[in-house]
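The values are calculated or read from the model by the stated rules, or taken from the named source; none is laboratory data. The structure displayed is predicted, hence computed values, not measured ones. Neighbour counts run over all protein chains shown; Cβ positions are idealised from the backbone, glycine included.
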Amino acid sequence: MKTKILPADPKAGYLAAKAEIDAAIQRVLQSGHYILGTEVAAFEKEFSAWLGTADTATVANGTDAIELALLAIGAAAGDEVVTVANTVTATISAIGSTGAKPVFVDVVADTMLMDLGALEKLLATPQAEKVKAIIPVHLYGLAVDMPRLLAMAAKHGATVIEDCAQAHGSLVGGKKAGTWAPLSTFSFYPTKNLGALGDGGAVTGADAALVAKVKQLRQYGWRQRYVSETPGRNSRLDEMQAAILRVRLTRLDAENVRREAIAQRYLAELSATPLQLPVVPAERTHTWHQFVVRTPKRAELQTSLASEEILSGVLYPVPIYRQPAYANSEASFPNTDRACAEVLSLPLHPGLSDAEVARVIAAVRGFFETV
Ligand SMILES: *Cc1c(COP(=O)(O)O)cnc(C)c1O
């Protein structure tokens, strides 16, 4: 029987570093210190150094990271926050939790990233004066054109918060996603390029004073223990996950190189199929969190792959404005709708062997030879 090929494989990530991760967990267990101790402090330092920012505030997950970043810039009821609808609900629920209203713009047809031309038009309308923040989602491992976006936001007086949950290591003009805007947010959900073995997230970015504010907000508004200067709440990364992330961070660059090699093979060997393959604009480096192909025959292709024990993913099948909790009949974004109808993520993770990659390629080609 054929072994199952998974779209992402956090367990393979654990096994690849098992001895080091087991030792890190033991170190924490033996330390007797489980919340906001030396592991969290060390990971925050190491992650900031790897990324190229002055400081990082780790938090409980990527959704909290977005919410706390928005609270740090003072987003509240009455404000609007512009983002895209082909994202995980997290981006939008985080906006909603602050009291602000999410406002959508369409995405560009080929990259499926925020359409900055559409954003420019939106910012020129009278109702745009309520726009407090703009959250670009660096989708699938490809970052938005940050210099252009930051210039637009500055003109409007809005703050940019980069959602980097899928972009650990992605570059724009040689500079990492997450270092451009005043604040940027990361998720360490197990399937992300840098994944914990549980939940985790972080807020970092170019404005260290705002990052310090997030450190206060994540723990009851404390700067000094037992003195709440602002309301704040509890959103902490625990020592165990921080220790695991420290190990995984040392492997991230090599794992991204492996992702790139697999992606290049898919690009070359699937180029003769009718699939629409991912594009990487000049001056940007993809980190292949997802390898997303597009086809109107998505359901058939997915079923055919599954019959050969190859599991694929759909990120995301339904735009946020068509989901029950956020349904908005006025919203109509053709590129977003088409993306959601056609995208399919082929298996891509650092644990895939060359033979497994070949199996995926053969199965996809075989599907198009028989339809
Ligand atoms: C994963 C993800 C999040 C949320 O992260 P959690 O850690 O699951 O809360 C937010 N935005 C995007 C784009 C994501 O992919």
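At-a-glance table
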| quantity | calculated |
| --- | --- |
| Qualifying residues in the stretch 321-336 (those that are under 14 Å from Ala118 (Cβ atoms) and either in contact with a strand residue (DSSP E or B) (Cβ under 9 Å, 6 or more places away or on another chain) or modelled with pLDDT of 95 or more (or both)) - the one surrounded by the fewest Cβ atoms within 10 Å (Cβ to Cβ) | Pro334 |
| The stretch 92-111: number of residues that are in contact with a helix residue (DSSP H, G or I) (Cβ under 7 Å, 6 or more places away or on another chain) and crowded, with 18+ Cβ neighbours inside 10 Å | 11 |
| Check on Ser93, touching an Asp or Glu at 6+ places or on another chain (Cβ under 6 Å), more than 26 Å from Lys175 (Cβ to Cβ) and within 16 Å of the ligand (Cβ to nearest atom) | no |
| Hey, Thr89 farther than 16 Å from Arg246 by Cα and buried (at least 19 other Cβ atoms within 10 Å of the Cβ) or not | no |
| Residue that is touching a residue at least 60 places away in the same chain (Cβ under 8 Å), within 12 Å of the ligand (Cβ to nearest atom), in a loop (DSSP other than H, G, I, E, B) and out of contact with any Pro (no Cβ under 7 Å at 6 or more places or on another chain), where the choices are Thr87, Thr53 | Thr87 |
| Among the candidates Ala181, Ala151, residue that is free of Cβ contacts under 8 Å to residues at least 40 places away in the same chain, part of a loop (DSSP other than H, G, I, E, B) and either out of contact with any strand residue (DSSP E or B) (no Cβ under 7 Å at 6 or more places or on another chain) or buried (at least 24 other Cβ atoms within 10 Å of the Cβ) (or both) | Ala181 |
| Residue under evaluation Ser304, criteria (1) exposed (fewer than 15 other Cβ atoms within 10 Å of the Cβ); (2) assigned to a helix (DSSP H, G or I); (3) small (Gly, Ala, Ser), criterion not met | (1) |
| The stretch 72-84 - residue that is closer than 18 Å to Gly157 by Cβ and away from the ligand (no atom under 16 Å from the Cβ) and, of those, surrounded by the most Cβ atoms within 10 Å (Cβ to Cβ) | Ala72 |
| Condition met for Glu269 (acidic (Asp, Glu), surrounded by fewer than 19 Cβ atoms within 10 Å (Cβ to Cβ), within 29 Å of Ala355 (Cα to Cα) and away from the ligand (no atom under 16 Å from the Cβ)) | yes |
| Residue list for the stretch 156-177, restricted to those being over 12 Å from the mean Cα position of the chain (by Cα), outside any strand (DSSP E or B) and closer than 18 Å to Ile134 by Cα | His156, Gly157, Ala158 |
| Residues located in the stretch 289-318, provided they are more than 16 Å from the ligand (Cβ to nearest atom), touching a residue at least 24 places away in the same chain (Cβ under 8 Å) and more than 28 Å from Asp253 (Cβ to Cβ) | Arg294, Thr295, Pro296, Lys297, Arg298, Glu300, Leu301, Gln302, Ser304, Leu305, Glu308, Glu309 |
